[in-house]
Amino acid sequence: MTDGESGNPLSRDEIGRYARHIVLSEIGGPGQQKLKAARVLVIGAGGLGAPLIQYLAAAGVGTIGICDDDTVSLSNLQRQVIHTTDRIGAPKTESAAAAVAALNPHVNVIRHDLRLSAENAPDILKGYDLMADGSDNFATRYLSADVAEAARIPLVTGAVGRFDGSVTVLKPYEQAADGRLLPGYRDLFPEPPPEGMVPTCAEAGVIGAVTGVIGTLMAMEIIKLITGAGEPLVGRLLLYDGLSARFDTVRYKRPASSPLVGEDGKSAS
């Protein structure tokens, strides 16, 4: 089974491994080959990154880059399910890579043992098709949005609170049906809250399972973007309230004052 565009044949073992994907008309063999050819950069191997990386690896995403400068600690294990007790003290990228290797030997992991910054982001992003932000701070979320937009690659971004979370997909370099650019992160969140206003997970706490819900939803959005299945959460913010077991969707767009985009992709005003 081959794909003339990707040149990435599926081995007999891969055909058996991904059989439940291949029988789906929305995925099939061509979609699975797209997953194998895909290169996804994940920012953060923590609460959101853990289930995200697991499901991307299980789905057969061929190359997963993991960017994180932290080490595994005991308090991580309540929600960061890709790590294990015997790997406490190890770099999270190393621990995550070991988990991926045990789950799916067909997946290549590229470790970036550092914190994403404006200086290193352009070099790190080279060669990746998509980016997923599972970071736990506003500075990295805004930075991820900026560098993904500059690189013109889709960004799936998620966040969690104590018992709730959210996820959306950003493609602000493409135009909507009305000719305007699709919304960016700052159209949804114009500016970060004042420092100290929003407590960290360490300060406020977080139920472990909610990171699994949001991280898995992020993985689903990435699979949709790669294979073309379904409708990604572009211009829509999916909200999850774990205590009331409720999902809500909020639509958002660029302000009406934003410029129209011409056929050449440049501003028409």
Check: Tell me, what is the FRET efficiency for L239 and D13 to the nearest 0.05, using R0 = 51 angstrom and their Cβ-Cβ distance as r?
Finding: 0.80
Check: Along the charge dipole of the stretch 74-141, which of P91, L77, L103 sits closest to the positive end, that is, farthest toward it, with unit charges on the beta carbon of Lys, Arg, Asp and Glu (+1, +1, -1, -1)?
Finding: L77
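Could you pull out the pairs from K92/K171; K36/K253; K224/K253 whose alpha carbons sit more than 24 Å apart here?
On the way: K92/K171 28 Å; K36/K253 32 Å; K224/K253 21 Å.
In this structure, K92/K171; K36/K253 exceed 24 Å between Cα atoms.
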Margin query: I want to check the label-to-label distance for L114 and D70. Put each point 7 Å from Cα in the C-beta direction and report it in nm to one decimal.
Written below: 2.0
Note to self: Given R₀ = 30 Å, what would the calculated FRET efficiency be for A150 paired with A204, taking r from the Cβ atoms and rounding to 0.05?
What the structure shows: 0.40
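Neighbour counts of other C-beta atoms within 10 Å: give me K34, K171, K253 arranged from fewest to most. List each step's numbers first, then the result.
Numbers: K34 24, K171 21, K253 16.
Going from sparsest to densest Cβ surroundings: K253, K171, K34.
Give me the percent relative contact order of the stretch 20-251, please, defined on Cα pairs under 8 angstrom at least 6 residues apart.
Numbers: 451 pairs, mean separation 49.5, N = 232.
This gives 21 percent for the stretch 20-251.
Evaluate the charge dipole of the chain about its Cα centre and quote only its size in Debye, nearest 20, assuming +1 on the Cβ of each Lys and Arg and -1 on the Cβ of each Asp and Glu.
On the way: 25 positive and 31 negative charges, 98 e Å.
The calculated dipole for the chain is roughly 480 debye.
What is the packing order of peptides 150-162, 213-225, 79-91, taking the mean over residues of other C-beta atoms within 10 Å and listing the highest first? Each step should come with its number before you reach the end.
Working: 150-162: 20.7, 213-225: 23.8, 79-91: 17.2.
Ranking, from highest mean packing down: 213-225, 150-162, 79-91.
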Margin query: Among T140, S166, P122, whose Cα projects farthest towards the positive end of the dipole of the chain, with charges put on the beta-carbon of Lys, Arg (+1) and Asp, Glu (-1)?
Written below: S166
Next item on the list: Using R₀ = 45 Å, calculate the FRET efficiency as 1/(1 + (r/R₀)^6) where r is the Cβ-Cβ separation of K126 and D248; round to 0.05.
Entry: 0.75
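Values in this text are rule-based calculations from the coordinates and carry no lab data. This is a predicted model, so every value here is computed, not measured. All Cβ positions, glycine included, derive from the backbone under ideal geometry; neighbour counts span all protein chains shown.
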